[in-house]
1. Mind listing whichever residues of region B:33-46 are open to solvent by 30 Å² or more (accessible area, probe 1.4 Å) and out of contact with any Lys or Arg (no Cβ under 6 Å at 6 or more places or on another chain)?
2. Which pairs do you get when a residue that is closer than 18 Å to residue A:185 by Cα and in a loop (DSSP other than H, G, I, E, B), found in region B:131-142, comes within reach of a residue that is small (Gly, Ala, Ser) and open to solvent by 10 Å² or more (accessible area, probe 1.4 Å), reach meaning Cβ atoms under 6 angstrom, with the pair 6+ apart or on two chains?
3. Determine whether residue B:106 is in contact (Cβ under 8 Å) with a residue 12 or more places away in the chain, open to solvent by 10 Å² or more (accessible area, probe 1.4 Å) and under 30 Å from residue A:81 (Cβ atoms).
4. Among all residue pairs at least 6 apart or on different chains, which show Cβ distances below 6 Å where the first residue, located in region B:154-180, is closer than 16 Å to residue B:46 by Cα and the second is of a type in the set (Ser, Thr, Tyr) and not in a helix (DSSP H, G or I)?
5. Can you confirm whether residue B:9 is part of a strand (DSSP E or B), in contact with a Phe, Trp or Tyr (Cβ under 8 Å, 6 or more places away or on another chain), of a type in the set (A, V, I, L, M, F, W, C) and at the interface with another protein chain (Cβ under 9 Å from one of its Cβ atoms)?
6. Provide a single number: the residues in region A:163-182 that are more than 8 Å from every other protein chain (Cβ to nearest Cβ) and part of a loop (DSSP other than H, G, I, E, B).
7. Just need a number here: residues in region B:164-189 that are open to solvent by 70 Å² or more (accessible area, probe 1.4 Å) and β-branched (Val, Ile, Thr).
8. Any residue at all in region A:51-62 that's modelled with pLDDT of 95 or more, surrounded by 14 or more Cβ atoms within 10 Å (Cβ to Cβ), more than 7 Å from chain B (Cβ to nearest Cβ) and part of a loop (DSSP other than H, G, I, E, B)?
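The values are calculated or read from the model by the stated rules, or taken from the named source; none is laboratory data. Just so it is clear, the model here is predicted, and its values are computed rather than measured. Neighbour counts are summed over all protein chains in view; Cβ atoms, including those assigned to glycine, are modelled from backbone coordinates with ideal geometry. These area figures cover heavy atoms from the full protein model, side chains too; ligands, DNA and RNA do not enter into them. Shrake-Rupley method; radii C 1.70, N 1.55, O 1.52, S 1.80 Å.
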Number of protein chains: 2
Amino acid sequence: MEILDKVYVSPLPDSPYVKPFRLNYTQNGMVKSWDLLQVHDSVAIIVFNITRKVMIFVKQFRPAIYYNCIHAKDREQEFIDTKKYPASLGIALEMCAGIIDKNKPIEDIAREEVLEECGYNIKLKDLHKIISYRSGVGVQGSLQTLFYCEVSDDMKTEQGGGVDDEIIEVVEMSIPQIEEMLKSEGPLASPPSCLFALMWFLQNKADKFRK
Amino acid sequence: MEILDKVYVSPLPDSPYVKPFRLNYTQNGMVKSWDLLQVHDSVAIIVFNITRKVMIFVKQFRPAIYYNCIHAKDREQEFIDTKKYPASLGIALEMCAGIIDKNKPIEDIAREEVLEECGYNIKLKDLHKIISYRSGVGVQGSLQTLFYCEVSDDMKTEQGGGVDDEIIEVVEMSIPQIEEMLKSEGPLASPPSCLFALMWFLQNKADKFRK
């Protein structure tokens, strides 16, 4: 269980993570502008454990989700009331993923993320590229490339859980549990990229792992 | 064809659209912070025309996608070279969608978006809620609710194309064309919410419209 405390908002400093700016342009003779963010492209990986026939997810506290659960009037307090708004509201269930912030092939970055976050030591040939798409259309239009890889228990050489001060929990789900999750109305604390990845898996891979 | 001209970057002013800030917090005793954006929740609607058995998409120029197609070194010019980077790079194919910026039921907002963007005058009872999820996990954790609605040619009372200075094109695709799109490796100029919506439709609704 996450213990959350001393939650407050401050102005954006000169941030290495979020670089907002305005793009000005003329479209069909009409002068327009759009406010957006400079963000890194990324990779996401569907990791399926064939030994125990479970999908591998990462679970972590996501400040952006947490903040969006707080009612407008309660955002104006000096400190957010963490009794009313516990950390659990911001815990997201996601595919293993990472940003492309190093000058190396994206397959290498995907491989590293699977090791660091999930603890599985995969080979490059285990990674199969599925599709790439735009992460968003509003403020961030970065490219995300989705991979699929099958792992087995003997490839689990590390604990996983992320590096530095990341606090990531590795979570496993069976195929029926995934189907149950997708049948619910939500709200799910997952992004659409995760839901698309799960649908892709169910449609293209799940059958061979069903009893 | 979009004609794009005079494209340049300027600092973010006090923007009504993008409100970046830093969220500070203590997680399990560790002092942390995360930079994020305040964004509106939203609705997205899968609109399927049963008269002609086509999916209704909206197509528009998305500055965030366009900007992310520009190489880092070319971003440093005073003006972006629109011969090298034509508008077509930033044209996204999406589900009909809109932000929840009015104090009314989200079904009303979904209904309005279908009319304004796609030109179909639907009734509230035509809207079926599928699921809600988090739009993103990084900088924007707003909630998006996905609806499904079937329309027919006689419900098309308006042109569609958006309001004010929106430049939106309504695009139709057959079920085989959707399947073709999802089989490609990309890069697709679509967000994962659109891909999830298409997979959901193929899995849950498409069969009854196939010959």
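1. Hits for region B:33-46 are B:34, B:39, B:40, B:41.
2. What qualifies is B:142/B:135.
3. yes
4. B:155/B:120; B:156/B:120
5. For residue B:9, the condition - part of a strand (DSSP E or B), in contact with a Phe, Trp or Tyr (Cβ under 8 Å, 6 or more places away or on another chain), of a type in the set (A, V, I, L, M, F, W, C) and at the interface with another protein chain (Cβ under 9 Å from one of its Cβ atoms) - is met.
6. Residues meeting the conditions: 3.
7. Counting residues in region B:164-189 that are open to solvent by 70 Å² or more (accessible area, probe 1.4 Å) and β-branched (Val, Ile, Thr) gives 0.
8. Among the residues of region A:51-62, at least one is modelled with pLDDT of 95 or more, surrounded by 14 or more Cβ atoms within 10 Å (Cβ to Cβ), more than 7 Å from chain B (Cβ to nearest Cβ) and part of a loop (DSSP other than H, G, I, E, B), which makes the answer yes.
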